[in-house]
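Engineer: Sharing a structure with you now.
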Amino acid sequence: MKNYIEYYIQEGDGQGYSIKAKELTIDEAVEYQKKYKALSRKFEIENIFDVFIEEYKSFKGLLYEAQLSQEMDNHSGLSANIEDHRTRTKLNVSYLGVLNTGKLLLDRLYYKNNGIIKKIDESAFSEFITERISVFNNNQLYAFACNYRNICQHKVLPINRFSLYENLKQNAVKFTIPLDLTSFNDKDREQLFSKLDPDFKKFLKREGKIDLNRVIDGYFEGIFDLMISLRRLVKPAVNEAENYLKNNDDNFGKQLKAPTLYINEKEEFNFNFEWFEVAHFLEKKNSTYLKSSQVTRTQYIEEPRT
């Protein structure tokens, strides 16, 4: 017997147990492997997405910290240059973290048409690619961020300057991280503008700069939208896999521990799937957000009085 499920049945007063085995056909063993892989890949992508979200939140926190430091710290000369460098370093590390974790997530989803989505449900792949194209076409900041991420991987740090603008007469303080598009050579600018909407491309050329804070928002929102689509598309396959794997006891009686699957007499996995509850938790935790284009975020109860 090469392919089988091994059960550990409690005997008598619970001090001992017996082992029983259920033989499997090749097709049955392969089906168990397939269902297990679907749950494993679903857990993997939820885990990466959770890291991506936490990286994004960390960047936003650092950005606010940087603004307050620029407002409050009284530096000049060399001291000011050093503090500016420290601020840029923190922001660059975090910004790259968001870009690179997002790239990891996207690659794991569909890289070279052989990503996680096919491991979960191959029939959902073509519709997911349609969703990906829609996000790229409709979210131009996401599209720009993908292009900029590729340049940052090989040529530049993402954030090279920041600006603090104070106008106390208008009760306004702005801290921005602009990207000077005119600083790139023609080849790099062509890569930055690749596949962008003509009107958006024209806008960028006219302005000569772009707000990197808005860019990272668009990147985050594009990937969030893709994850929502992924969950919707693979939900039937994930539910089916979970139910299939949990329905394996065959009424053998009270079991001392979870059964174990063997294929070619090699242990593959046991049927304790408490770990998959974490995937359910992460999906619930990371399920909603408000798009930056639709809301203005503030920590104040009311607008300042003039």
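Engineer: Among (1) within 26 Å of residue 289 (Cα to Cα); (2) out of contact with any helix residue (DSSP H, G or I) (no Cβ under 6 Å at 6 or more places or on another chain); (3) in contact (Cβ under 8 Å) with a residue 40 or more places away in the chain; (4) small (Gly, Ala, Ser), which single condition is residue 66 missing?
Structural biologist: Of the numbered conditions (1) within 26 Å of residue 289 (Cα to Cα); (2) out of contact with any helix residue (DSSP H, G or I) (no Cβ under 6 Å at 6 or more places or on another chain); (3) in contact (Cβ under 8 Å) with a residue 40 or more places away in the chain; (4) small (Gly, Ala, Ser), the odd one out for residue 66 is (2).
Engineer: Oh, and also: Within segment 230-259, which residues are out of contact with any Leu (no Cβ under 8 Å at 6 or more places or on another chain), at pLDDT below 95 and buried (at least 18 other Cβ atoms within 10 Å of the Cβ)?
Structural biologist: Step one: list which residues in segment 230-259 are out of contact with any Leu (no Cβ under 8 Å at 6 or more places or on another chain), which gives 231-237, 239-240, 243-244, 246-259.
Subset that is at pLDDT below 95: 243-244, 246-259.
259, the sole residue that qualifies.
Engineer: Do we find a residue being surrounded by fewer than 17 Cβ atoms within 10 Å (Cβ to Cβ), modelled with pLDDT of 95 or more and within 23 Å of residue 98 (Cα to Cα) anywhere in segment 162-174? Write out each step before concluding.
Structural biologist: Residues of segment 162-174 surrounded by fewer than 17 Cβ atoms within 10 Å (Cβ to Cβ): 163-174.
Keeping just the survivors that are modelled with pLDDT of 95 or more gives none.
So far as segment 162-174 goes, no, none of its residues is surrounded by fewer than 17 Cβ atoms within 10 Å (Cβ to Cβ), modelled with pLDDT of 95 or more and within 23 Å of residue 98 (Cα to Cα).
Engineer: Let me ask something else. Residues in segment 249-258: is at least one touching a helix residue (DSSP H, G or I) at 6+ places or on another chain (Cβ under 8 Å) and at negative phi? Step through it out loud before you land on a result.
Structural biologist: Step one: of segment 249-258, the residues touching a helix residue (DSSP H, G or I) at 6+ places or on another chain (Cβ under 8 Å) are none.
Checked segment 249-258: no residue is touching a helix residue (DSSP H, G or I) at 6+ places or on another chain (Cβ under 8 Å) and at negative phi.
Engineer: Within segment 190-199, which residues are in contact (Cβ under 8 Å) with a residue 40 or more places away in the chain and either under 21 Å from residue 95 (Cβ atoms) or over 27 Å from the mean Cα position of the chain (by Cα) (or both)?
Structural biologist: In the first step, residues of segment 190-199 are kept if they are in contact (Cβ under 8 Å) with a residue 40 or more places away in the chain; the result is 191-197.
Matches in segment 190-199: 191, 192, 193, 194, 196.
Engineer: How about segment 1-42: which of its residues are surrounded by fewer than 20 Cβ atoms within 10 Å (Cβ to Cβ), among the hydrophobic types (A, V, I, L, M, F, W, C) and either touching a strand residue (DSSP E or B) at 6+ places or on another chain (Cβ under 8 Å) or within 30 Å of residue 93 (Cα to Cα) (or both)?
Structural biologist: 1, 9, 19, 21, 24
Engineer: Given the criteria surrounded by 12 or more Cβ atoms within 10 Å (Cβ to Cβ), free of Cβ contacts under 8 Å to residues at least 12 places away in the same chain and not polar (S, T, N, Q), does residue 203 qualify?
Structural biologist: Details: surrounded by 12 or more Cβ atoms within 10 Å (Cβ to Cβ): yes; free of Cβ contacts under 8 Å to residues at least 12 places away in the same chain: yes; not polar (S, T, N, Q): yes.
For residue 203, the condition - surrounded by 12 or more Cβ atoms within 10 Å (Cβ to Cβ), free of Cβ contacts under 8 Å to residues at least 12 places away in the same chain and not polar (S, T, N, Q) - is met.
Engineer: Hey, another quick one. Of all residues in segment 104-148, which are in contact (Cβ under 8 Å) with a residue 60 or more places away in the chain, surrounded by 15 or more Cβ atoms within 10 Å (Cβ to Cβ) and charged (D, E, K, R)?
Structural biologist: Those that are in contact (Cβ under 8 Å) with a residue 60 or more places away in the chain, surrounded by 15 or more Cβ atoms within 10 Å (Cβ to Cβ) and charged (D, E, K, R): 108, 119, 121, 131, 132.
The values are calculated or read from the model by the stated rules, or taken from the named source; none is laboratory data. What you see is a predicted model, and the numbers here were worked out from it, not measured in a lab. For neighbour counting, all protein chains shown are included, and Cβ atoms are generated from backbone atoms with ideal geometry for every residue, glycine included.
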